[in-house]
Every structure is written in C-alpha cells, then in structure tokens.
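Peer 1: Got a structure here, written out as structure tokens. Questions coming.
Bear in mind that the values in this text are calculations on the coordinates, not laboratory data. Since this is a predicted model, take the numbers as computed values, not measurements. Don't worry about glycine lacking a Cβ; one is built from the backbone with ideal geometry, like all the others, and counts go over all protein chains shown.
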Amino acid sequence: MKNSPLGMDGKNCIITGGNRGIGKQVATEIAKMGANIGIITRNRIKGEKAVNEIISDSKNNQITLFVTDIASQEQLKQLSKEIQQKFSHIDVLVNNAAVLLRKREETEDGIERTLATNHLGPFLLVNLLFKTLEKSKSARVINISSDGHRKAEIDIEDLNYTKRKYSGFKAYYQSKLLNLLFTYELTSRIESLSSSIILVNALDPGRVNTDIGKNYDTVSYRIFSKLIRPVISISVHQGAETPIYLATSREVNGVSGKYFINRKISKSSRLSYDRPLQKSVWKLSENYVGINSEDYGVGDSIE
C-alpha cells in the first residue's frame, strides 16, 4: 500500500501517551498536516513541554493537553467529558499509551497496572467516546499492539495476575494480545451498526528505541537498553510511520479489523482470531470497568 494522505486540515485527533516516543512523533507529524491535536499524558509538566515542542516543530498551535492517568477509570470518565467539551467530534483516536513493569502494581481500581493501562484504558476510552467518534464522517481508531503478542500466555480466569506468578514481560505480551482481541471484536460490533462508519485497526510499530521499559529496572535490562537496543532497534520516527499511515492515508478508507506491520496488512496470531475468546475478553473488560457497552452505543457482538 502506498501512502496518499487525506486532507487532515481541521480534523480532530486524540493521541494517548502523546508526550514522548511514538505518540509524540505521531502528534507532531499529523499536526504538520493541519489537524487539531489532543495529547493525553499523566504528567502535566512533561505534557506542557511536549505541547510546546509539537507547536514549535509543526508550526501548528492547535494542540491541547489533557492530563489523565489512562489506568484510572474515574479519571478516564472525567477525561471523556473534557474531550467532548473541546471537540464536537473525533476523527482519529490513537491508543498509544503503554507500560512495561518489573513488579506487579495495582491501580486505585484494584487492577494490575499493565492490564489497566495497556488494555482496559483504551477499552473504556473508546466506549466513552464512541458517540463522539460516530459524529465524524469517517473516524479511525488505531490500537498500537506489538508482535510480542505472539508470545502471550493468556489465562481468561486471571487476566489480573492475582493467582499466577507475575512477570512484567508476560503481562505486557498478554496486554498486546488483548489489544488485538479488542480490535477484532470492536470491528464486529461496529459492523452490526449500519449507521456507524468507524474504522478500527491495530499495528506493530516494530522494535522501537523508546523508554517504555524504564520501570523494568534490572541490571541486565539496563545493559540491554544502553548497549544493545540502540543497535537492533528502529528510530521513533520509523516506528511512527505505520500509525501515521493508518491515521491519514486514503488507502485505508474502508479497511477495518486488520493488523498492520510496516504499513502492510499482516496476519496476527491464530489465538487473536478466536471469536469466543474475543467475546469473552470483551465481557470481562466490561466487568472490570463496570460498564455495558450497549449503553454507549457500541453494537452487540455478531458471529
């Protein structure tokens, strides 16, 4: 697929984790195209710094900062209200924020933080903003997964790691598989709504040299991060190419429910296409965040 950008001037785009790494690069490049950008970060100081840098690099001052911890359900509910007050509709939502932790941490909601940030946050945010996305002529939801999802060991009875021995990498891989299960089930539900035109796709950005594992503080990981990762990794600019493509390319018109690597449709793991698992994960996710998706206009699941 070649890249033929849509006219992005005046489009409303929301990017989680938009203060650094891939998220910031995506925000900057789309801002250069004239879009109105909202970046979500949990640190106000870092967020304000990123906004100033994006404005400077893009020459676009239509950049809004939203300060929210994606792992907090209460904060996400407040965030959705703030976004809806600022934007009448949303054209692009990039679910980029993610964490990789060494030790198990629980959020204020009693949920393991990797699960809460990487999966349940995007799940709840999409539900809360669904009707605002529908107001766009053709909205796009982009979920940043990872090819590491192929290593996932999923236990449907213990997504929260309360019974299993905790591993930061295993929790991360599980969350990236959940991103895909969510993407495919959301696509199915949208297809049940004849009036809705929302495209949903997921992607692997590649082995990008970012600081996502900054909390994974072991000697071996520090050595890997300092000496090995810079050699074997691609740049943030390269890692942002596929999400930018999915957000802006005409070639993606009508394409939904797909997994992309290097701007090309690819096959994800066999487990990710398991329909009963997709449905089960959706229902479990509803229970974790205390909602019924139908109340937010998200269609019912279809076979």
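Peer 1: By Kyte-Doolittle mean hydropathy of at least 1.0 and Cα axial length of at least 15 Å, which whole DSSP H helices of the chain are selected?
Peer 2: On the way: long enough: 21-32 (17 Å, 0.04); 44-58 (21 Å, -0.59); 73-86 (20 Å, -1.78); 121-134 (19 Å, 1.09); 168-191 (35 Å, -0.11); 275-289 (21 Å, -0.81).
Taking the DSSP H segments of the chain (at least 15 Å long, mean hydropathy at least 1.0), we get 121-134.
Peer 1: If you don't mind, there's one more thing I want to ask. Which net charge results when you count Lys and Arg as +1 and Asp and Glu as -1 among the other residues whose beta-carbon is under 13 Å from that of Val51? Show your work: numbers first, answer last.
Peer 2: On the way: positive: Arg20, Lys24, Arg44, Lys46, Lys49; negative: Glu48, Glu53, Asp57.
That works out to +2.
Peer 1: Along the positive direction of the dipole of the chain (beta-carbon charges: Lys, Arg +1; Asp, Glu -1; about the Cα centre), which of Thr64, Gly168, Ile156 reaches farthest?
Peer 2: Checked the options; the winner is Gly168.
Peer 1: A follow-up question, please. Beyond 35 Å, how much of the Cα-Cα pair distribution for segment 12-289 remains, as a whole percent? Intermediate values should be presented prior to the final figure.
Peer 2: On the way: 3758 of 38503 pairs.
When all Cα pairs of segment 12-289 are counted, 10 percent exceed 35 Å.
Peer 1: Still on this structure, I have one more. Can you list residues whose amide H is under 5 Å from Lys135's amide H, if they're 5+ apart or on another chain and H is modeled 1.01 Å from N?
Peer 2: Residues meeting the amide H criterion: Ile90.
Peer 1: Taking amide H atoms as placed 1.01 Å from N in the peptide plane, list the residues 5 or more away in sequence, or in a different chain, whose amide H sits under 5 Å from that of Lys11.
Peer 2: Amide H neighbours of Lys11: Asn36.
Peer 1: With the contact rule set at Cα under 8 Å and sequence spacing of 6 or more, what percent relative contact order holds for segment 12-289?
Peer 2: Details: 507 pairs, mean separation 53.2, N = 278.
Relative contact order, segment 12-289: 19 percent.
Peer 1: When DSSP beta bridges are limited to those with both residues in the chain, what percentage is antiparallel, rounded to the nearest 5?
Peer 2: Details: 5 of 34 bridges.
Of those bridges, close to 15 percent are antiparallel.
Peer 1: Counting Lys +1, Arg +1, Asp -1, Glu -1, what net charge surrounds Ile14 among other residues with beta carbon under 13 Å of its beta carbon? Display every interim value, and only then the final one.
Peer 2: Numbers: positive: Lys11, Lys86, Arg140; negative: Glu82, Asp91.
My count for the surroundings of Ile14 gives +1.
Peer 1: Per DSSP H run of at least 4 residues, take -39500 (n - 2.57); add these up for the chain, divide by its residues and hand me the 222 nm value, nearest 500 deg cm²/dmol.
Peer 2: Working: 10 runs with 115 residues, N = 303.
One gets -11500 deg cm²/dmol as the mean residue ellipticity at 222 nm.
Peer 1: Label-point separation (nm) for Lys151 and Asn292, each offset 7 Å from Cα along Cα-to-Cβ?
Peer 2: Each label point is offset 7 Å from its Cα along the Cβ direction, giving 4.1 nm.
Peer 1: Follow-up. What is the sum of charges, Lys and Arg at +1 and Asp and Glu at -1, for the other residues whose Cβ falls under 11 Å from the Cβ of Ser146? Don't skip to the answer; put the middle values down first.
Peer 2: On the way: positive: Arg150, Lys151, Lys176, Arg207; negative: Asp147, Asp204.
Result for the local shell: +2.
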